[in-house]
1. Of all residues in region 164-183, count the ones that are within 15 Å of ligand 2 (Cβ to nearest atom), in contact with a Ser or Thr (Cβ under 6 Å, 6 or more places away or on another chain) and assigned to a loop (DSSP other than H, G, I, E, B).
2. Give me the residue from region 219-269 that is without any contact (Cβ under 8 Å) to a residue 24 or more places away in the chain, within 16 Å of ligand 1 (Cβ to nearest atom) and assigned to a loop (DSSP other than H, G, I, E, B) and, out of that set, least open to solvent (accessible area, probe 1.4 Å).
3. What are the residue pairs meeting all of these: first residue in region 1-27, first residue polar (S, T, N, Q), second residue not in a helix (DSSP H, G or I), Cβ atoms under 7 Å, and 6 or more apart or on different chains?
4. Go through region 32-68 and count every residue that is of a type outside the set (Phe, Trp, Tyr), within 13 Å of ligand 1 (Cβ to nearest atom) and closer than 21 Å to Gly133 by Cα.
5. One residue is enough: does region 38-56 have a residue meeting the conditions at pLDDT 95 or above and under 27 Å from Cys206 (Cβ atoms)?
6. In the list Ser121, Ser69, Ser41, which residue meets the criterion of being open to solvent by 40 Å² or more (accessible area, probe 1.4 Å) and under 16 Å from the mean Cα position of the chain (by Cα)?
7. How many residues, within region 138-155, are surrounded by 24 or more Cβ atoms within 10 Å (Cβ to Cβ), part of a loop (DSSP other than H, G, I, E, B), polar (S, T, N, Q) and within 11 Å of ligand 1 (Cβ to nearest atom)?
8. If you take the residues in region 291-314 that are without any contact (Cβ under 8 Å) to a residue 60 or more places away in the chain and farther than 21 Å from Thr252 by Cβ, which one is nearest to the chain's Cα centre (by Cα)?
Amino acid sequence: METILLDDSEADLLKAAEIIKNGGIVGIPTETVYGLGADASDPDAVEKIFTAKGRPADNPLIVHLADFSDAEKYTSAIPELAKKIADKFCPGPLTIVLPKNDRIPSITSGGLDTVGIRIPSHKTMHRIIELSGCPIAAPSANTSGLPSPTSAEHVMDDMSGKINAVVDGGQSEFGVESTVIAIENETSVRILRPGCITREMLLELCDDVIIDPAILHDLEAGQTAASPGMKYKHYSPSADVIMVEGSIEEFTAYVEKFNAPCVCSLIYDEDEEYFPYRYMTYGSSSSEQAHWLFQRLRELDELGVKKVFVRAPSLDGVGLAVYNRLIRAAGFEVIRL
Ligand code: AMP
Ligand code: MG
C-alpha cells in the first residue's frame, strides 16, 4: 500500500478523518508521541493496527476522545475521583483506565474489561477526532519494541507501505507517552505507566498515588502486569543499551574500559565539558530528556552504534518516565556505581 503524507491543513485533516471513518489507519501527531489511529469501535480497523505494528494481541490500545464527557459512551462507570482528575488534567498527556462497555470491542482492550481513555490536547489529533466522529484507538506509531516516534519522519521510517497515511504535525512536544493511571479507591490512584503528568501533580488531588512495581522492576515469573505493555522489552534501538547510575566522574571512569569507535554514550547537556569519549546529549532537565530520548535512540541506530551507555536520569517528576523507558530499552541492564 502507498502511505500518503498529509499536512495539518483542514483539507488534509478531512482526508485523514475520512480514511479513519472508512476503516483505514493513519499516523497522527499528538502532544506525547505520534499515534497510529483507527476507529476504536471497528474490530477490523483495530486489527490493522496490531498487524502494522506487530503488536502482541494482549497489549490494549488507548482510546482517544474529543472531550472527557464522551467517556460515558464507552465506559460502564466513572468514579468521582476520575472525574476530578480529568477536570484538572484533560485534555492532556493522561490516560485513565475505566471499566469498558460493549461499544469497545475486545480486540481494542486486549481482552481486558477495562479501557484506557485519553483526551489529547494536540489540536491536530483533536480535530481529526472531531471530523471523524470516531473514538480513535491509537498506540504509539512505531514498530512494536522500537523507540516511539516523535516526528512524521520516524513514523514513515517504521510504517511506510503498511498504513494509509501520516499527518505531519512537527516534533512531539512531550516526547514520551501519556501517564496511565487506574483508580485504586475513592481517594487514591495507581500509576501503571509514568509520563508527564507526574506523581507529584496527581498527589494534589489524591491521598495516595501508588507507583506500580512493574514501572521500575522486571516482572517475576508468574506475575501478571496491571498494564500488559509493561511486560515486553520495549523502546529499544538495535544498539545494546546499558543504563549507568552514578556521577559524571564515575560514569566516565566506567565507560573508559569499553571505549571503541562503535560505542557512544548518552549524557546530560552539562556533562559535555567533562566527557572525553564519543557522546550525544539528551538534555538537562527531566522534561528535556523526555523530549529528546526517543529521537536520540533512533539517531544512535542511524549512526550504526553498537553499544550505548546512558547516564541514568533522576527518578523525580518527569524523570520517572524517562527512567522507565530507558530501563526497558536496556532490557533491565543497569550498572549502579
Ligand atoms: P501505547 O499504546 O504504545 O501508548 O501503550 C499503551 C499502554 O497503556 C500499554 O502499556 C498498555 O498496557 C497500557 N494500557 C492501555 N489500556 C490499558 C488498560 N485498559 N489497562 C491497563 N493498561 C492499559
Ligand atoms: Mg508504544
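The values are calculated or read from the model by the stated rules, or taken from the named source; none is laboratory data. Note that the structure is a prediction, hence the values are computed from the model and not measured. Positions of Cβ are backbone-derived with ideal geometry, glycine not excepted, and every protein chain shown enters the neighbour counts. All accessible areas refer to the heavy atoms of the entire protein, side chains included, with ligands and DNA or RNA removed. Shrake-Rupley method; radii C 1.70, N 1.55, O 1.52, S 1.80 Å.
1. So the answer is 5.
2. Residue satisfying both the conditions and the ranking: Ala225.
3. Thr3/Ser160; Thr3/Gly161; Thr3/Ile163; Thr3/Asn164; Thr3/Ala165; Thr3/Val166
4. Final tally of qualifying residues: 11.
5. No, every residue in region 38-56 fails to be at pLDDT 95 or above and under 27 Å from Cys206 (Cβ atoms).
6. Ser121
7. The qualifying residues number 2.
8. Taking the candidates together, the pick is Glu299.
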